[in-house]
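Heads up: the structure comes next, in structure tokens.
The values are calculated or read from the model by the stated rules, or taken from the named source; none is laboratory data. Quick caveat: nothing in here was measured; it's all calculated off a predicted structure. Here the Cβ positions follow ideal geometry from the backbone for every residue, glycine too, while neighbour counts run over all protein chains shown. Note: areas computed on protein heavy atoms with side chains; ligands, DNA, RNA excluded. Shrake-Rupley method; radii C 1.70, N 1.55, O 1.52, S 1.80 Å.
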Amino acid sequence: SQTIHQWPATLVQPVGSPLSLECTVEGTSNPNLYWYRQAAGRGLQLLFYSVGIGQISSEVPQNLSASRPQDRQFILSSKKLLLSDSGFYLCASGTAISIFGSGTRLTVV
Amino acid sequence: GDSVTQMEGPVTLSEEAFLTINCTYTATGYPSLFWYVQYPGEGLQLLLKATKADDKGSNKGFEATYRKETTSFHLEKGSVQVSDSAVYFCALRSAYSGAGSYQLTFGKGTKLSVIP
């Protein structure tokens, strides 16, 4: 069965510092991959999705970027974090049914 | 665009009480509908789903019926347990194909606390 590994579970970073969150998928090949964010008081918002290596689509303009260097690896990055980047970040995979990772809670201070 | 509206939480119930979490949606065509659950410290897990009108999804005693006429997918459980304490998310997936079409649109989530 499909499994998503996401790390770290929690992260506290200062404003202006870089960010790299990694997500890897097991048990499938060529998955659709997604990054979602849940900000305080808001629902889950789709940030990026990828249908293959090197293919990234952005749903909202922001301070973040995503990359897919390998088939089952999806990375969320920022060069300089803002306070508004705080939130709970979830990686997901799948088509008919989406499978989610356990998430990373990011606090920018 | 697509949207999902869930009842505001938090919801606090006593054990064995009846649960209803309302969910309504706006979408073009016939989306697929989902309920996800997030237990403390964990990621989202699929709880149940329905892919066409009048379908009933069910799992772990929870049920939800896809109502096209009222654009609703309310979550119900007849007798909640302490272990049901979690955040519940209603979500939809658009009926239209194309790259990225499997993305989900979520509601804000409803936190449920069940007390003994």
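Accessible surface comparison of A:20, A:102, probe 1.4 Å, protein chains only, largest first: the order is A:20, A:102. Remark: chain B carries 47 Å² of accessible area per residue (probe radius 1.4 Å; ligands, DNA and RNA excluded).
Decide, for chain B, between rounded, prolate and oblate: order the square roots of the alpha carbon gyration tensor eigenvalues as a ≥ b ≥ c, take rounded if a/c falls under 1.5, and otherwise choose prolate if a/b is larger than b/c, else oblate. Since a/c reaches 1.5 and a/b is larger than b/c, the shape of chain B is classed as prolate. When the alpha carbon gyration tensor of chain A is reduced to an equivalent ellipsoid, the three semi-axes, largest first, read 22, 14, 13 Å. Inter-chain neighbour count for A:101-108: the average number of beta-carbon atoms from partner chains within 10 Å of each residue's beta-carbon is 2. Between residue B:30 and residue A:58, what's the calculated FRET efficiency when r is the beta-carbon distance and R0 is 30 Å? Round to 0.05. For R0 = 30 Å, the calculated efficiency reads 0.65.
Taking chymotrypsin sites (Phe, Trp or Tyr not before Pro) across the stretch B:32-111, the ones in a DSSP loop with at most 15 further Cβ atoms lying within 10 angstrom of their Cβ are B:96. Across peptide A:63-75, the average count of Cβ atoms from other chains found within 10 Å of a residue's Cβ is 0.
Computed on protein heavy atoms with a 1.4 Å probe, the accessible areas place B:87, A:12, B:82 in the order A:12, B:82, B:87, largest first.
Among the trypsin sites (Lys or Arg not before Pro) within the stretch B:11-57, those in coil by DSSP and having at most 16 neighbouring Cβ atoms inside 10 Å are B:52.
Taken across both chains, chains B and A shield about 1500 Å² of accessible surface from a 1.4 Å probe. Among the protein heavy atoms of chain B, carbon and sulfur supply 48% of the accessible surface, probe 1.4 Å, non-protein parts ignored.
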